[in-house]
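A.B. asks: Take a look at this one; I'll ask things after.
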Amino acid sequence: MSNPTTPRAIVAGHGGFAAGLVSAVEVITGRGDTFYPVAVPDLSAADIEAFLREAMDRTGARVIFTDLHAGSCTMAARRILRGTPDAVLVSGANLPALIDFAFAEAKPGPTAARHAADRGRAAIITLEGTP
Amino acid sequence: MTLVLHRIDDRLIHGQVVLGWGPPLGVEFIVLVDDAVATSDWERELYEMAVPPDMEVYFHPVEGSAAALAQYRADERPGILLTGSVESMRRLVEGNGIPAVNVGGIHHRADRTPRLRYVFLSPAEEQALREIAARGVEVTAQDVPSAHPVPLETLLTSRHEL
């Protein structure tokens, strides 16, 4: 990573989702180290939750981006939110959302996370072919 | 339709269940049989929020859930029955005419042997699976629909290298 900083958010999801997205953020912005990617291959729900808690403790990050609303990482993150009032979860994260967050270092984490979620939603469009 | 899948999965409702099996089977409801979840408002809400709006979730403790199975079998919609443990499924299978059990995900624990990437089993769980099979129930391991089902005997003699 070219711009070493303390990660401000955890990215977690299925397969290589987290590493892939963070790698893409790095390629595009050089700010990949805004994020701490977490992969959770074939772990139990309790182990995934412990893994995420450990990542949060290690980095101090209180924002979690996950892939699927029903995914195991999201379920684990939702358990963490209970009793962690300063934590924020953004599920259904995509590259535009992470890039937006990466450039929002001046904003508090929750504010930046909400803005990133709005940006990620707005970035999904469909285009039709023309004759 | 009826209950089209009886699955053991210690993650209960998650991506593989909702999005992996749900669309191919046309699943419209999930019956989640788990004592801890059935008795906790917070746990029930957690799982209810994890499914799409057009999918319903029903919660039952293991004890007494057998009677409800008949009702779900008579449902016109396709559904999935989920338990979080082998023991819960073993108790459900007793006298309930469950034709097949899908071992979908049982993960690492200190007393478990890794059998497949997604199936770790303790000696007691292996015995319970044998007891389920001895009742004429087809027991296979399969995490997602596109994977090949692994028969019980193959599962119990497999060893996954970590």
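The values are calculated or read from the model by the stated rules, or taken from the named source; none is laboratory data. Remember, it's a predicted structure, so these values are computed and weren't measured experimentally. Glycine also receives a Cβ, built like all others from the backbone with ideal geometry; neighbour counts cover every protein chain displayed.
A.B. asks: Taking the range B:43-55 as the search range and keeping residues that are surrounded by 14 or more Cβ atoms within 10 Å (Cβ to Cβ) and of a type in the set (D, E, K, R), which one is nearest to the other protein chains (Cβ to nearest Cβ)?
C.D. replies: Going through the qualifying residues, I end up with B:GLU43.
A.B. asks: Return the residues of the range B:8-45 that are of a type in the set (Lys, Arg) and either within 13 Å of the chain's Cα centre (by Cα) or closer than 13 Å to B:GLY104 by Cβ (or both); say none if nothing qualifies. Before you say what the answer is, go through the steps one by one.
C.D. replies: From the range B:8-45, those of a type in the set (Lys, Arg) are B:11, B:44; that's our starting set.
Across the range B:8-45, the qualifying residue is only B:ARG11.
A.B. asks: So which residues in the range B:125-162 are touching a strand residue (DSSP E or B) at 6+ places or on another chain (Cβ under 7 Å), β-branched (Val, Ile, Thr) and either part of a helix (DSSP H, G or I) or more than 19 Å from A:ASP42 (Cα to Cα) (or both), if there are any at all?
C.D. replies: B:ILE132, B:VAL137, B:VAL139
A.B. asks: Only residues that are free of Cβ contacts under 8 Å to residues at least 12 places away in the same chain, loosely packed, with under 14 Cβ neighbours inside 10 Å and closer than 13 Å to A:VAL63 by Cα: list them for the range A:85-107, please. First the steps, then the outcome.
C.D. replies: Just the residues of the range A:85-107 that are free of Cβ contacts under 8 Å to residues at least 12 places away in the same chain, to begin with: A:85, A:106-107.
Still in the running and loosely packed, with under 14 Cβ neighbours inside 10 Å: A:85, A:106.
Within the range A:85-107, just A:PRO85 meets the criteria.
A.B. asks: From the list B:ARG73, B:ARG91, which one is of a type in the set (Lys, Arg) and within 30 Å of B:PRO123 (Cβ to Cβ)?
C.D. replies: Details: B:ARG73 fails: within 30 Å of B:PRO123 (Cβ to Cβ).
Unique residue meeting the criteria: B:ARG91.
A.B. asks: Take the residues in the range A:45-78 that are touching a Ser or Thr at 6+ places or on another chain (Cβ under 7 Å) and of a type in the set (A, V, I, L, M), then tell me which one is farthest from A:GLY13 (Cα to Cα).
C.D. replies: Quick first cut of the range A:45-78, residues touching a Ser or Thr at 6+ places or on another chain (Cβ under 7 Å) only: A:45, A:48, A:59-60, A:66, A:68-69, A:73-74, A:77.
Checking the rest, the ones that are also of a type in the set (A, V, I, L, M) come to A:45, A:48, A:68, A:77.
Working: A:ALA45: 13, A:ILE48: 10, A:LEU68: 7, A:ALA77: 11 Å.
The qualifying residue farthest from A:GLY13 (Cα to Cα) is A:ALA45.
A.B. asks: Restricting to strands (runs of 3 or more DSSP E) lying wholly in the range B:12-122: which have 2 or more residues that are within 24 Å of A:ASP47 (Cα to Cα)?
C.D. replies: Numbers: elements: B:29-33, B:56-60, B:79-83, B:100-105, B:113-116, B:119-121.
So the answer is B:29-33, B:79-83, B:100-105, B:113-116, B:119-121.
Every residue, every condition in (1) touching a Lys or Arg at 6+ places or on another chain (Cβ under 6 Å); (2) modelled with pLDDT of 95 or more, yes or no:
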position: A:VAL40; (1), (2): no, no
position: A:ALA87; (1), (2): yes, yes
position: A:ILE99; (1), (2): no, yes
position: A:GLY120; (1), (2): no, yes
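A.B. asks: Moving on to the next point. Which of the residues that make up the range A:26-72 are assigned to a helix (DSSP H, G or I), touching a residue at least 24 places away in the same chain (Cβ under 8 Å), of a type in the set (Asp, Glu) and within 14 Å of chain B (Cβ to nearest Cβ)?
C.D. replies: A:GLU49
A.B. asks: Hey, can you tell me all the residues within the range B:94-141 that are surrounded by 20 or more Cβ atoms within 10 Å (Cβ to Cβ), within 23 Å of B:PRO24 (Cβ to Cβ) and at pLDDT 95 or above?
C.D. replies: B:VAL101, B:ASN102, B:VAL103, B:GLY104, B:GLY105, B:ILE106, B:LEU116, B:TYR118, B:VAL119, B:VAL137, B:VAL139, B:ALA141
A.B. asks: Suppose we keep only residues that are loosely packed, with under 15 Cβ neighbours inside 10 Å and within 12 Å of another protein chain (Cβ to nearest Cβ) within the range B:16-40. Which one would you say is farthest from B:ARG91 (Cα to Cα)?
C.D. replies: It comes out as B:SER40.
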